Structures are given as C-alpha cells and as structure tokens.
Amino acid sequence: MINAIVTTERKVKEASRILAQQTAERLQLPFVPRGTVSIDGLREAHGVDFVLVAKQGQLMLETPEGEMFFHPNMAHLRVKNLRLGKPDHMVEAMGLRPGMSVLDCTLGFGADAIVASFVAGESGQVTGLEVSPLVCAVVGYGLAHFHRDNLVLQEAMHRIRVVQADDLSYLRAQPDNSVDIIYFDPMFRHPLTTSENLNPLRSVADHRPVSLETVAEARRVARRRIVLKENSRSCEFSRLGFPEIAGGRYSPVHYGIMKL
C-alpha cells in the first residue's frame, strides 16, 4: 500500500476534483476532500507522509522534504542549445540520432527523456520507466499535459511514453535487441550537494543501485548502447563494467558508455 492520500487545492475547482478522484482511483489511494485543512493537518489526520494534490491543472506531490511538481527545467535550455547547434553531453554519450528508440529506465523529473525525445524526433520513440507510482503520476501527467509557447519542446514531451515499472522486471519482458539505447540515471550513490531541488524526489525515489543483473538484461535488450549517468567520482562505472566514460572535464556528472 502506498503511504499517501489524494486531495485538491483549498479553493477547489471542478477540474481539480475530477483529476484528484481519477488519480486516486487509478493508484488505489484514498481521495480526501480538502476543505480548509492544511497539508500537515491531512498528513497527521490520515497517518501518511505523502499527499498528492490536484492543483491548477497539474498534480503536485507534497513530501516531508518539500513540494515536488513537474516542470521541464533544464530540458528547456538544453533543447534550445541543441537547436542552436551546441553539443549535449548526454546526447553525445548515447550517440543518439533522429529515428532511434530510447528506453530511459529512471525517468525521475523527465528532463533527460525530454531531450532524448527532441533528438529522436517524430520517427523515434522514447519510453520512460518510473518505479515510484507517486513520481510516475506527477511526471507522467505533467509530460502529457504541460503546455507552453515552445511547441517543439511541448511536442517532445507529449511523445514520451511513460510506464510505471521496475527496470529489471520490465527489461526481462522485452525481446532481444528491441531498443537502440538504454539509459540509467539512478539516484547517485554520493548526491551532489548543489542539487537541493532534488530533495523532494529523493524522499520518495528508489535508492537501490543499478544491479549487475539489470545491466546484463540491458545488454540483451539494447541494440547499440547502454549509458549510465553518475557522479564523476563514482565507482559505479567500474563496478558495472562500463569501459568508456565521457563528460565535461570540469563537470560533476559523467556518463558511462557500453557500446554493443
């Protein structure tokens, strides 16, 4: 059972009520009418840590570490730079080209999947896996419904297929050589102290490291490459057998590359 309830904003609108009730039914969570009660009051009354809130046309997750909501964040700048012909370290590590398929095994906030979807284009396919039902609800709804003036970015978001699943279980069910690139961006073993905006995600995310069995399944499923994003000082690259490491010389983040 997920340790959460679903509610709405205080000044509830009909659209928010419908979204909250539909989300509660889909996740098999209690729907609690908000009334005038605070989020902390709801937590205490119902004995939960997490409150999923339908508010202003989107889903937000209230965690003990703060509010988590969907926003394209750095994906906006990265797509802008790509359109200007500037390089992107993740795209280069993937060897990503239009028409390719990408399986992002750790969707999180979805920024990397958005960039991959932009590069893969309409003829490509990006699937994002997220094991946390709460994160999947917030980010999946955000990707499908976020609207902004930048239609190119919006279309890239809307093309992403979001699946709530554990990466190993999902990979086991996939045919051999069925996707071009498989990508992992797990919660870093040694978090970057400057990434405070990730604190709400950390409180609900899956902190298990990528397993050797998962990499073995990825080798079976991927056609071209497996890419692992980690702290530049991480020992995960060597533990998991990634022979090549790429990234900016002074970047705190590097990418392990396994070419198949």
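Per-residue Karplus couplings for the range 51-65, computed as 6.51 cos²θ - 1.76 cosθ + 1.60 with θ equal to phi - 60°, are listed in order as 10, 8, 10, 8, 8, 6, x, 8, 9, 10, 10, 8, 10, x, 9 Hz, Gly and Pro entered as x. Taking the helices alone, the chain has a mean residue ellipticity at 222 nm of -10000 deg cm²/dmol, built from -39,500 (n - 2.57) per DSSP H run of at least 4 residues and averaged over all its residues.
With 0.36 nm allotted per residue and the present C-alpha distance subtracted, the Glu155-Gln56 stretch has 33.5 nm of extension available.
Taking packing as the residue-averaged number of other Cβ atoms within 10 angstrom, the listed peptides 100-113, 206-219, 227-240, 121-134 run from highest to lowest as 100-113, 121-134, 227-240, 206-219. Computed from backbone phi with θ = phi - 60° and the Karplus coefficients 6.51, -1.76 and 1.60, the 3J(HN,Hα) list for the range 167-173 is 4, 5, 4, 5, 4, 4, 8 Hz; x is used for glycine and proline. Mean projected area of the convex hull spanned by the Cα atoms of the range 27-167, taken over all viewing directions: 9.5 nm².
Given R0 = 22 Å, the distance between the Cβ atoms of Arg223 and Ala173 translates into a calculated FRET efficiency of 0.80.
A crude spin-label estimate for the pair Leu77 and Ala15, with each label 7 Å from Cα along the Cβ direction, gives 3.0 nm. Based on Cα atoms of the range 4-56, Rg over Rh with Rh as the Kirkwood radius reads 0.93.
Along the axis of the charge dipole computed for the chain (Cβ charges of +1 for Lys and Arg, -1 for Asp and Glu, origin at the Cα centre), the listed residues Val126, Thr214, Gly35 are led at the positive end by Val126.
Summing Cβ point charges (Lys, Arg +1; Asp, Glu -1) relative to the Cα centre of the chain gives a dipole of roughly 540 debye. Here, the range 91-133 yields an orientationally averaged convex hull projection of 2.9 nm² when only Cα atoms define the hull.
Among the lysines of the chain, pairs at least eight places apart or on separate chains and with Cα atoms under 29 Å apart come to 8. Maximal additional length on extending the Gln28-Asp166 stretch stands at 47.8 nm, based on 0.36 nm per residue less the C-alpha distance. Applying 1/(1 + (r/R0)^6) with r as the Cβ-Cβ distance of Glu92 and Val37 and R0 = 35 angstrom yields a FRET efficiency of 0.10.
None of the figures in this text is laboratory data; all of them are computed from the coordinates on show. Model, not experiment: these values are computed from the prediction. So basically every Cβ, Gly included, is an ideal-geometry build from the backbone, and we count neighbours across all protein chains shown.
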